Amino acid sequence: MGGRDATMVLLDENGIRCDGRKVDEPRRIMIKAGGLKNADGSAYIEFGDNKILVGVFGPRDVHPKHMSDTDTGILRVRYHMEPFSVGERKNPAPSRREIEISKVIKEALEPAVMLDKFPRTAVDVFIEVLQADGGTRCAALTAASVALADAGIPMRDMVSAIAAGKVADTVILDVNNEEDQAGQADMPIGYMPNLEQITLLQLDGILTPEEYKKCVEVGVNGCKLVYELQKKALNDKYFGNGGD
Ligand code: UDP
């Protein structure tokens, strides 16, 4: 939260947000499964103005070998923002934020992936943020789940993700960059809809216990919408005309 910007109207008198959405309306979401021929699985997502590409490699041998585990496979995730993905050029060196988001996404995916089925191996997930506009970790996590499924990695469920938040004392779904900067709270949620389990929950900002509950409810419902689009992306590739 960047503190409140008094000049910005985040919610007008008709309940319309700064980008024209209603409080419970997600941004336009487009997911495509596949696309990278040199990856074992891949996905591309547009989540509002976020544009993110994910490549999955593996299960494959672990290098360095001492990182391998004889009992289970390991998941490795690299979240990376292109220098041109944001208005003010980002330093290409990995930032603390990118390292943290890589860890958060890895931990959010681990409950979904049946790592015990391929001991001694690694599955690598490479996330490239081409354009960022708030909510990249949720969009990346959503696309990574599709890319893992596209790679044929055994999974218990997919993880679907979206953020709930608060602007002008009102709970909203799918926080954009302006709302993240000038709003009151941002709560990214990752959820496995079939298993009904939350695998990611972060909170930046301040909420009352009631608002907290509402954010979780709104976020989980948003994840269910995202899940339908993830399934559609896979269906389009494998059973429809959208494949390559
Ligand atoms: N951002 C930026 N420069 C940076 C990092 C982030 O402009 O070096 C923007 C970007 O649009 C990002 C947003 O700030 O989506 C919010 O970042 P946050 O750390 O909250 O993660 P996100 O919401 O993307 O998961």
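Tabulated results
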quantity: Residue list for segment 181-202, restricted to those being in a loop (DSSP other than H, G, I, E, B) and surrounded by 17 or more Cβ atoms within 10 Å (Cβ to Cβ); calculated: Gly183, Gln184, Pro193
quantity: Counted residues, segment 125-152 - those being open to solvent by 10 Å² or more (accessible area, probe 1.4 Å) and away from the ligand (no atom under 14 Å from the Cβ); calculated: 5
quantity: Inter-residue pairs, beta-carbon under 9 Å, first farther than 14 Å from Ala161 by Cα and among the charged types (D, E, K, R) and in segment 195-219, second at pLDDT 95 or above and in a helix (DSSP H, G or I), 6+ apart; calculated: Asp204/Asp180
quantity: Failed item, numbered, when Asn221 is tested on (1) open to solvent by 30 Å² or more (accessible area, probe 1.4 Å); (2) over 22 Å from Gly20 (Cα atoms); calculated: (2)
quantity: Selection count, segment 91-105, where residues are among the polar types (S, T, N, Q), surrounded by 10 or more Cβ atoms within 10 Å (Cβ to Cβ) and near the ligand (Cβ under 9 Å from one of its atoms); calculated: 1
quantity: Flag if Ile101 is of a type in the set (A, V, I, L, M, F, W, C) and in contact with a helix residue (DSSP H, G or I) (Cβ under 7 Å, 6 or more places away or on another chain); calculated: yes
quantity: Count - residues of segment 202-234 that are more than 20 Å from Gly135 (Cβ to Cβ) and over 20 Å from the mean Cα position of the chain (by Cα); calculated: 4
quantity: Residue list for segment 37-59, restricted to those being over 14 Å from the mean Cα position of the chain (by Cα), in a strand (DSSP E or B) and of a type in the set (S, T, N, Q); calculated: Ser42
quantity: Residue match in segment 107-115 (condition: without any contact (Cβ under 8 Å) to a residue 60 or more places away in the chain, farther than 27 Å from Leu203 by Cβ and away from the ligand (no atom under 12 Å from the Cβ)); calculated: yes
quantity: Total residues in segment 19-36, condition farther than 23 Å from Met81 by Cβ, over 19 Å from the mean Cα position of the chain (by Cα) and of a type outside the set (Gly, Ala, Ser); calculated: 3
quantity: Filter result for the condition that a residue is modelled with pLDDT of 95 or more, within 19 Å of Lys90 (Cα to Cα) and of a type outside the set (Gly, Ala, Ser), over Val129, Val146, Val125; calculated: Val129
quantity: Matching residues, segment 61-90, being charged (D, E, K, R) and open to solvent by 40 Å² or more (accessible area, probe 1.4 Å); calculated: Asp61, Lys65, Asp69, Asp71, Arg76, Arg78, Glu88, Arg89
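The values are calculated or read from the model by the stated rules, or taken from the named source; none is laboratory data. These numbers were taken from a predicted model, which means no experiment stands behind them. Note: ideal-geometry Cβ built from the backbone for every residue, glycine included; neighbour counts use all protein chains shown. SASA here: full protein model, heavy atoms, side chains in, ligands and nucleic acids out. Shrake-Rupley method; radii C 1.70, N 1.55, O 1.52, S 1.80 Å.
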